Amino acid sequence: MTVLAQLAERLQQGDAPGVAQLTRAAITEGVEPRVILDSGLIAGMNVVGARFKSHEIYLPDVLLAAKAMYAGMDLLKPLMIRDGIPSRGRVVMGTVQGDMHDIGKNLVSIMLRGAGFEVVDLGKDVPPERFIQAAIESNAGVIGLSALLTTTMPGMRRVVELARERQLQGKTRVIVGGAPLSREYARDIGADAYCFDGTSAVDCVKSIFGVS
Amino acid sequence: MSTRVEFPLSQVTPEPEQVLTALGAAGAPNSGRHLRLAVEAIALYRKRVQPLGVWNPIGLDEFEKLYAGQNAGFTPLGQIYPRARSLALFAVTLGEPIRDEIDSRFQAADFALGAALDAAASEGAELAASELEWRYVEHLRASGELTTDMGVMRFSPGYCGWQTCGQRNLFSHLQPADIGISLSASCLMYPLKSVSGVIVAAGRGAFLFADDFPFCGDCQTRSCRERIAAIFGGLHDTQDMREQP
């Protein structure tokens, strides 16, 4: 078994020290950072994502695998920055203004990073203007909005309106998710997509960036 | 007059199975690893939780004013409370440190433990609300207001057609700042792991309602079925809960 196949397997097991050790080994062997990321870490997370989607494994397994992915990413990130290797795409994420619930947003961010995307996490209670500013500054292709309260959902509409006013359509898509939301609500406020859960958010972002 | 409630840890500590169910991992094949995670989260939960509660009786007329204009029109609570024999507003919280601990776990990339701790705290907040409801029942029993034909059920803003912004009126009556709970402009309670609402004590028949209100379609728990069944000792047909003539 190659070091990359072992890496993917250890990642699926949620073995963070093992993933760190194998990532170091791959770097030492001279494997390109991009190849380690794509064929080791992301390949492993893709299997984890698929197994989670088909209910073979559960959320804790995904999160343990994500921690292992981060252990590898921590070693690769400086090399990728040094070599100017681009990410698969950049996503600005946050919980809308007035809402302090961030577990759902955190889980989606973790899964997006696990799929190889760069996430600019603005945190919780984020004003609409901040989403737009961050998307422009980071040249993000996607803004992801989360809300858990019916009282804070209107903040999502404001972000969509601001994105239109700043002429971000076509460049930056706005996707929304959260317990009180629905596909109909997303359509009503003019969002580009509604994501039911973390898995559907990853699929949606992959589709937007045209990656498999 | 408000009654402040302190909870022994044992009464607000969830079981590992409850944590795993909240995480969507109940009965998972890899249960050994999951169980260890849940046990670790519960141990951490017990170190950081600071559970407190308060309840305050409210008259029918007062509650009518509080509830008016704060609901989706035709609601289960709207049908039930006019038949109440006793009503009490309540709030419980697990305190701020548990939230800080959850945040710090996520920041340290300890995602699974962070999520398990969050699940434990969500379950713990519900346990605290249930325990407070039980304390209220004990109060009714002690004051001779509890009769054998009565049942008790609690309702919270944000559920069953009671709008989330109904928290404003509830807070102005209950004033749970004494136990450290405040309300944001968007009607969000701080600390986050808090529950508020009204406890209704009424003849058991008052609680029979079908889950076919317009908002029931969006409900992800349908826990009202179990709660009604519990009032009837689990013997009632939960498929048809319309009151019999």
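Okay, here's what the table says:
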item	result
Qualifying positions in the range B:15-51 - within 11 Å of chain A (Cβ to nearest Cβ) and surrounded by 20 or more Cβ atoms within 10 Å (Cβ to Cβ)	B:V19, B:L20, B:A22, B:L23, B:A25, B:A28, B:H34, B:L37, B:A38, B:A41
Lone unmet requirement of (1) in contact with an Asp or Glu (Cβ under 8 Å, 6 or more places away or on another chain); (2) within 22 Å of A:L41 (Cβ to Cβ) for A:R113	(1)
Whichever residue in the range B:3-14 is surrounded by 14 or more Cβ atoms within 10 Å (Cβ to Cβ) and assigned to a loop (DSSP other than H, G, I, E, B) and, among such residues, is nearest to the other protein chains (Cβ to nearest Cβ)	B:P14
Flag for B:A128 being part of a helix (DSSP H, G or I) and within 14 Å of chain A (Cβ to nearest Cβ)	no
Residue within the range A:40-53 that is at pLDDT below 95 and of a type in the set (S, T, N, Q) present	yes
The range A:108-136, residues that are closer than 29 Å to A:G49 by Cα and among the polar types (S, T, N, Q)	A:S109
Residues of the range A:168-199 classified as under 19 Å from A:A140 (Cβ atoms), at pLDDT 95 or above and out of contact with any helix residue (DSSP H, G or I) (no Cβ under 7 Å at 6 or more places or on another chain), total	2
Unique match (being assigned to a helix (DSSP H, G or I) and surrounded by fewer than 23 Cβ atoms within 10 Å (Cβ to Cβ)) among A:A25, A:A65	A:A25
Restricting the range B:76-110 to residues that are within 27 Å of A:A71 (Cα to Cα) and crowded, with 24+ Cβ neighbours inside 10 Å, the residue that is nearest to the other protein chains (Cβ to nearest Cβ)	B:I102
Residues of the range A:156-185 satisfying the condition of being among the polar types (S, T, N, Q) and free of Cβ contacts under 8 Å to residues at least 12 places away in the same chain	A:Q167, A:Q169
Enumeration of residues in the range B:137-159 that are over 30 Å from A:A179 (Cβ atoms) and assigned to a strand (DSSP E or B)	B:M150
A:G40 surrounded by 19 or more Cβ atoms within 10 Å (Cβ to Cβ), in contact with a Leu (Cβ under 9 Å, 6 or more places away or on another chain) and part of a loop (DSSP other than H, G, I, E, B)	no
Residue list for the range B:175-194, restricted to those being assigned to a loop (DSSP other than H, G, I, E, B) and either surrounded by 16 or more Cβ atoms within 10 Å (Cβ to Cβ) or touching a Cys at 6+ places or on another chain (Cβ under 7 Å) (or both)	B:I181, B:S184, B:S186, B:C187, B:L188, B:P191, B:L192, B:K193
Residues satisfying the stated conditions in the range B:49-106, i.e. in a loop (DSSP other than H, G, I, E, B), over 23 Å from B:Y190 (Cα atoms), touching a residue at least 12 places away in the same chain (Cβ under 8 Å) and not β-branched (V, I, T)	B:G59, B:A72, B:G73, B:F74
Residue satisfying condition, being within 14 Å of chain B (Cβ to nearest Cβ), touching a helix residue (DSSP H, G or I) at 6+ places or on another chain (Cβ under 9 Å) and among the small types (G, A, S), within set A:G114, A:G49, A:G89	A:G114
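The values are calculated or read from the model by the stated rules, or taken from the named source; none is laboratory data. Because the structure is predicted, anything quoted here is derived from the model rather than measured. Please note: Cβ atoms are built from the backbone with ideal geometry, for glycine as well, and neighbour counts cover all protein chains shown.
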